[in-house]
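**Q** I have a structure here, written as structure tokens, and I will follow up with some questions on it.
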Amino acid sequence: MSNATPPNAAHDQLIEGLASDLGPVQPLPSPVRRAAIWLGFVIVAGLLLSLIADLPAFMQRFMASPDMWMAMLGSALTALLAAIAAFQLSLPDSSRAWAWLPMPALLLWITASGLGCLRDYVLPGTHMAPMNETMECLAIIVALSIPFSLLMFAMLREAFSLLPGLTVTIAGLAVAAASATLLNLFHPFDAAVVDLLVHALAVALVVVVCRAYGARLWASPNFSKAA
Amino acid sequence: MNGWLAGDVTAARAVTNNLKGTNSGFQVQMRSKNMLATIDATAFIPYSGGAVESMLASHARTRSRRRMATAEQKPTADDARRSALMAAAQAGDKTAYQTLLRDCVPLIRAIARRQGVSADQVDDVVQEVLLTIHRARQTYDPRRSFTAWLRVIAERRAIDLLRQSGRRGARELHAPIAFENYPDETADPAGGLQHADNTGRVSHALASLPPRQREAVQYLVLNEQSLAEASALTKRSKGSLKVNLHRALKALRGSVEGEDKI
């Protein structure tokens, strides 16, 4: 079995073409550092939003119901871990297993949110959200997701994923989780079943839209990017 | 051992000798210039059958694959050289880049063959991987093994191609006799002559185009390549290719319509 490679004119032609297109590129920072940059933007957005939020009411709610801070911790951890996983998956040699990284935090988020629904049965006097307030939650999650996803996709596009569908799905999860975390600043009521379903719908909507549009990130060749 | 389906006599003898001696080691390896010359023992599966032979072949296949993967991941001199070439390519060194890509071709071929890509499709994988290296070169970290980075990309591209082939195979059926016997209800013998005549006129008009316009038609229309691919191959900008194609089509249209009026 010989390993000698017969000359191939097509390969030579392609190699010459690629070399002629070559320009200097800066190696990308590590996925963790890129995730930190993205999360920094989310934190700055959160700090700005806290200026207009009713922080005393926010703190009072958290003191009264421990499941709410568990749900918020779950969504924040999901955003953090999903962002790291998405940037890791955006590398062409990364393992598909990175997609599992945010799953424990997602489980915590779902479980803690589900516990919130039970409070309505345990404490019948608890204020529950009417439908119009619930729809505001959806609007806030979707509105916050737009700048977060634009930045996320702009940063992902710097890399080149060979698992594009999976990468943008996990990126969508990070975006939706970050938006849902910041939603807590403007959520003056406990989560009922309908409210939780609307949250789930909003998160699913963000993930699906990210998946639909984000998969085209690396669809077109980008030869002259570095030139 | 009665015979071998394929392979080299020396290696087959090595296996036979090994079986006669101890059964703890079953190594079939051939040294050559490239570390990937390790022979895949699947090429020597005996056709006489038998559980022992099958087990040994399976064992050899596993060990051979593991050894090859380890060899690719080990920081060898070749790997260090490739990493240095890639770092130079990231800095914009075209000569280093060409050297690196040429060096990668046999490696990609070996990986694609190991993934089960047929010989006639290996070159497709090579081209896909070369394009991927180009587009993903900023994602390579020079502190890590280049060969390991390349191996994952080549394996993924090979699997992509196998999936595409599988899907195409499920949709299409190779039946040359049925194809030949199928009557074409719209067939028109005179139409064939007319088509040949038209083809000749287009070929003549194409030959009379200026070289750059002809080149644009050749790559973008006849070869059905994308603007980016054509741009990489012809070393011309996308804008220049578009303009030349536009002018070429206009000239061709004028030329063919002119002949029709006459």
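**Q** Scan region A:85-101 and tell me whether some residue there is under 15 Å from the mean Cα position of the chain (by Cα) and loosely packed, with under 14 Cβ neighbours inside 10 Å.
**A** So far as region A:85-101 goes, yes, one or more of its residues are under 15 Å from the mean Cα position of the chain (by Cα) and loosely packed, with under 14 Cβ neighbours inside 10 Å.
**Q** Can you pull out every residue in region A:72-115 that is away from chain B (no Cβ under 14 Å), free of Cβ contacts under 8 Å to residues at least 12 places away in the same chain and outside any helix (DSSP H, G or I)?
**A** Once the filter is applied, which keeps residues that are away from chain B (no Cβ under 14 Å), free of Cβ contacts under 8 Å to residues at least 12 places away in the same chain and outside any helix (DSSP H, G or I), region A:72-115 yields nothing.
**Q** Still on this model: Counting only residues that are of a type outside the set (A, V, I, L, M) and within 7 Å of another protein chain (Cβ to nearest Cβ), how many does region B:75-107 have?
**A** Counting residues in region B:75-107 that are of a type outside the set (A, V, I, L, M) and within 7 Å of another protein chain (Cβ to nearest Cβ) gives 7.
**Q** Can you go through B:154, B:158 and tell me which one is at pLDDT 85 or above, surrounded by 16 or more Cβ atoms within 10 Å (Cβ to Cβ), in contact with a Cys (Cβ under 9 Å, 6 or more places away or on another chain) and among the small types (Gly, Ala, Ser)?
**A** Selected residue: B:154, the only one of B:154, B:158 that is at pLDDT 85 or above, surrounded by 16 or more Cβ atoms within 10 Å (Cβ to Cβ), in contact with a Cys (Cβ under 9 Å, 6 or more places away or on another chain) and among the small types (Gly, Ala, Ser).
**Q** Also, I was wondering about something else. Can you name every residue in region A:42-60 that is in contact (Cβ under 8 Å) with a residue 60 or more places away in the chain and outside any helix (DSSP H, G or I)?
**A** A:53, A:54
**Q** Every residue in region A:18-37 that is assigned to a helix (DSSP H, G or I), at the interface with chain B (Cβ under 8 Å from one of its Cβ atoms) and buried (at least 20 other Cβ atoms within 10 Å of the Cβ), please.
**A** A:18, A:19
**Q** On to the next question. Going through region B:225-249 one residue at a time, which ones are over 15 Å from residue A:10 (Cβ atoms) and more than 9 Å from every other protein chain (Cβ to nearest Cβ)? Full working, then the answer.
**A** At the first step, the residues of region B:225-249 found to be over 15 Å from residue A:10 (Cβ atoms) are B:226-228, B:231, B:235-249.
Matches in region B:225-249: B:236, B:239, B:240, B:241, B:242, B:243, B:244, B:245, B:246, B:247, B:248, B:249.
**Q** Against the conditions (1) of a type in the set (S, T, N, Q); (2) more than 15 Å from residue A:186 (Cα to Cα); (3) modelled with pLDDT of 70 or more, where does residue A:134 fall short? Just the number, please.
**A** (2)
**Q** Pick from B:120, B:124: which is farther than 26 Å from residue A:156 by Cα, under 13 Å from the mean Cα position of the chain (by Cα), exposed (fewer than 10 other Cβ atoms within 10 Å of the Cβ) and within 14 Å of chain A (Cβ to nearest Cβ)?
**A** Of the residues listed, the single one that is farther than 26 Å from residue A:156 by Cα, under 13 Å from the mean Cα position of the chain (by Cα), exposed (fewer than 10 other Cβ atoms within 10 Å of the Cβ) and within 14 Å of chain A (Cβ to nearest Cβ) is B:120.
The values are calculated or read from the model by the stated rules, or taken from the named source; none is laboratory data. All of these numbers come straight from a predicted model, not from anything done at the bench. Cβ coordinates were reconstructed from backbone atoms using ideal geometry, including for glycine residues, and neighbour counts include every protein chain displayed.
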